[in-house]
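A quick write-up on the structure given underneath.
We did not get these values from a lab; they are worked out from the coordinates using the rules stated. Quick caveat, the model's predicted, so the values are computed rather than measured. Backbone-built Cβ (ideal geometry, glycine too); neighbour counts: all protein chains shown.
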């Protein structure tokens, strides 16, 4: 069948732009044994893809000429694999396409999405990989206790907002860091954080000293760069840092020194998080976060673009930090 | 009484030199109530003093005009404090002096040195603060298991050599990093490490790939700087890093980026060590390391200069990395 797809035209330099991508046509054959043909309902846009485009991510590189990788919400049109019944909905590695032919590997890694989940796009956000990232980082690595002051960057994104809300539910005092008044207003208003620092408008170091005068007990870092360094300067003794993402570096900026002297001074524990290590916890995460969502205790926010052709500009917006919530493209 | 002492003449720029210090005379009164007069038998030279001279250390700054701080092995000449009987030997914060008047605070923090300990200078080295640093870092923070590949920098120093030997006794495979063939020969010959990389002569990254092809499970860092970065590039998944010292920065060099991406990639745990936090473990440490020394299972090495006047040049040698083992001045 004739489909639409988006390939990487060239390796982005700096922040990606629409010109780095090419929208075009392709032909898919009917599924062979072990394969399934799916229609893509929605695509998940995630910062790690930028890193993969530069060949710097743990996952495979995305090279010029290749269809851009990525997860999406898909509906099965035709299947030669026992796991995927026609009509059912899944999260799968479909790539930036209108339709995809999933092979057995992709099918085995796909996750079912039941009708009880509304909106279904939650399976790409707080009940998907970003949710698992937040949940595993908070539950398995952060060692946060009630009363701790927890700081999280990229606080209005699906990982940051979920970390902060899980921390609030666990009795922590939660300070977000985000860029711009609109994001900060959502973080303190809807997501219920105790405070949110707009690092575009305020001096981050001054704000941290004011808001965390006793020091930061837990820092959940989604950005790296100077934000990481600034929080390290305000750590409490015995602090824990979860290194989860490097937004500040994904567009190609040089790493900022994480000063080992600050780690020593705080007797801090720094842990690196890779969400793939925690895949076995998916069911536990979805049960817990799902219950919070149904009870109205955990808020989420989706930044939805419409139509496959809007994907490159939506991705550029995400990598510029101009998205408001989980970046999605609904086809 | 008339005594000799060494003051800081000026804040060192870069590596300290003899001209940064002034040798001179002073007069001490007889001890008042709660004080004791001691003769200094030996001084401990430690890299953290350089950091204190720059005002960058957790302990108080050492300023121009002040007698240089530091621990020494002292013998009590006259005492107005019940804890310090005349004739007994202690480790105390005496400073760079021939004799010192200890106040009640210094006396309460002094550690007794019994006649069973030979040589008594061990109380400044592997049975003193460097020994506790090594022991606490290895036992409390490194989480090392038999079979782990452990790398330690400044491997011929009292901390590094002790960490490596404790690790060997615990069944680890131990790789040292040191500067120069003489240090490396001692590390593999006397201290029994499995290997030692001479970073003056070899490409450190190549050597680490060759000697730790499966990755470094534990890195005990005494130096910071590019050595830390190089080891981070060769971490095994799940690695632990103990940040213990910053020799590469003490002379004033800028911090080298500790790339957060490498910590994430290895899902590493990085912990900062401050020896003062582990003071309560002194007795356990001395019992364990003392038993190893008596049984010939743990080697140590002392770099002894003679006479108080030699202290500045010995300290400059230490900060140039030209010492061979624990740097001491015997008066």
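Cβ-to-Cβ counts within 10 Å put A:276, B:48, B:219 in ascending order as A:276, B:48, B:219, the fewest first. Counted over all Cα-Cα pairs of chain A, pairs farther apart than 38 Å make up 15 percent. Measuring r between the beta carbons of residue B:214 and residue A:63 and using R0 = 25 Å, the FRET efficiency lands at 0.30.
Shape analysis of segment B:20-170 yields a ratio of the Cα radius of gyration to the Kirkwood radius, Rg/Rh, of 1.03.
Modelled this way, with points 7 Å down the Cα-to-C-beta line, the labels at residue A:169 and residue A:294 are 1.2 nm from one another.
Considering every pair of different Cα atoms, what Kirkwood radius, in Å, is found for segment B:204-251? Please report the intermediate quantities before stating the final value.
Numbers: mean 1/r = 0.0918 Å⁻¹.
About 10.9 Å, per the Kirkwood formula over Cα pairs.
Given axes a ≥ b ≥ c from the Cα gyration tensor, I'd like to know whether segment B:120-183 is rounded (a/c under 1.5), prolate (a/b larger than b/c) or oblate. Oblate is the answer for segment B:120-183, as a/c is 1.5 or above yet b/c matches or exceeds a/b. Distances between every pair of Cα atoms in segment B:178-257, grouped in 10 Å steps from 0 to the bin holding the largest one, split as 18, 48, 32, 3 percent.
Send over the semi-axes of segment A:129-276's equivalent ellipsoid, whole angstrom and largest first, taken as the square roots of 5 times the C-alpha gyration tensor eigenvalues. Don't jump to the answer; show the numbers that get you there.
Numbers: eigenvalues 70, 59, 56 Å².
Equivalent-ellipsoid dimensions as semi-axes: 19, 17, 17 Å.
Inter-copy label distances at residue A:111, shortest first and taken from points set 7 Å along Cα to Cβ: 5.1 nm.
Neighbouring Cβ atoms from other chains, within 10 Å of the Cβ of residues in A:266-275, number 6 on average.
Look at where the Cα atoms of segment B:280-331 and of segment A:54-91 average out, and the two centres are 61 Å apart.
Estimated purely from DSSP H runs of n ≥ 4, each contributing -39500 (n - 2.57), the mean residue ellipticity at 222 nm for chain A is -7000 deg cm²/dmol once divided by its residues.
Residue B:287 to residue B:145: FRET efficiency via 1/(1 + (r/R0)^6), r the Cβ-Cβ distance, R0 35 Å, to the nearest 0.05?
On the way: r = 23 Å, r/R0 = 0.65.
My answer for the efficiency is 0.95.
From the Cα gyration tensor of segment B:43-124, with a ≥ b ≥ c the square roots of its eigenvalues, which class applies: rounded if a/c is under 1.5, or else prolate if a/b is larger than b/c, or else oblate? Because a/c hits 1.5 or more and a/b exceeds b/c, segment B:43-124 counts as prolate. With N the number of residues in segment A:204-304, Rg(Cα) / (2.2 N^0.38 Å) evaluates to 1.28. Subtracting the Cα-Cα distance of residue B:324 and residue B:190 from their residue separation scaled by 0.36 nm leaves 47.0 nm.
Angle check, please: helix A:158-169 long axis (alpha carbons) against the longest principal axis of chain A (alpha carbons), in degrees 0 to 90, nearest 10. That works out to roughly 50 degrees. Distance between the 7 Å Cα→Cβ label points at residue B:253 and residue A:304: 5.5 nm.
What is the fewest-to-most order of B:237, B:151 by other Cβ atoms lying within 10 Å of their Cβ?
Fewest-to-most ranking of B:237, B:151: B:237, B:151.
Using a 10 Å cut-off on Cβ atoms, rank the peptides A:186-198, B:195-207, A:124-136 from the highest mean neighbour count down.
Ranked by mean Cβ neighbours within 10 Å, highest first: A:124-136, A:186-198, B:195-207.
When residue A:15 is represented by a point 7 angstrom out along its Cα-to-C-beta vector, the spacings to that point in the other copies are 4.6 nm, nearest first. Remark on the protein assembly as shown: ratio of C-alpha radius of gyration to 2.2 N^0.38 Å is 1.14. Normalised by the number of residues in segment B:129-276, the mean separation of alpha-carbon contacts (under 8 Å, six or more apart) gives a relative contact order of 22 percent.
Taken residue by residue and averaged, Cβ atoms of other chains lying within 10 Å of the Cβ of B:241-251 number 2.
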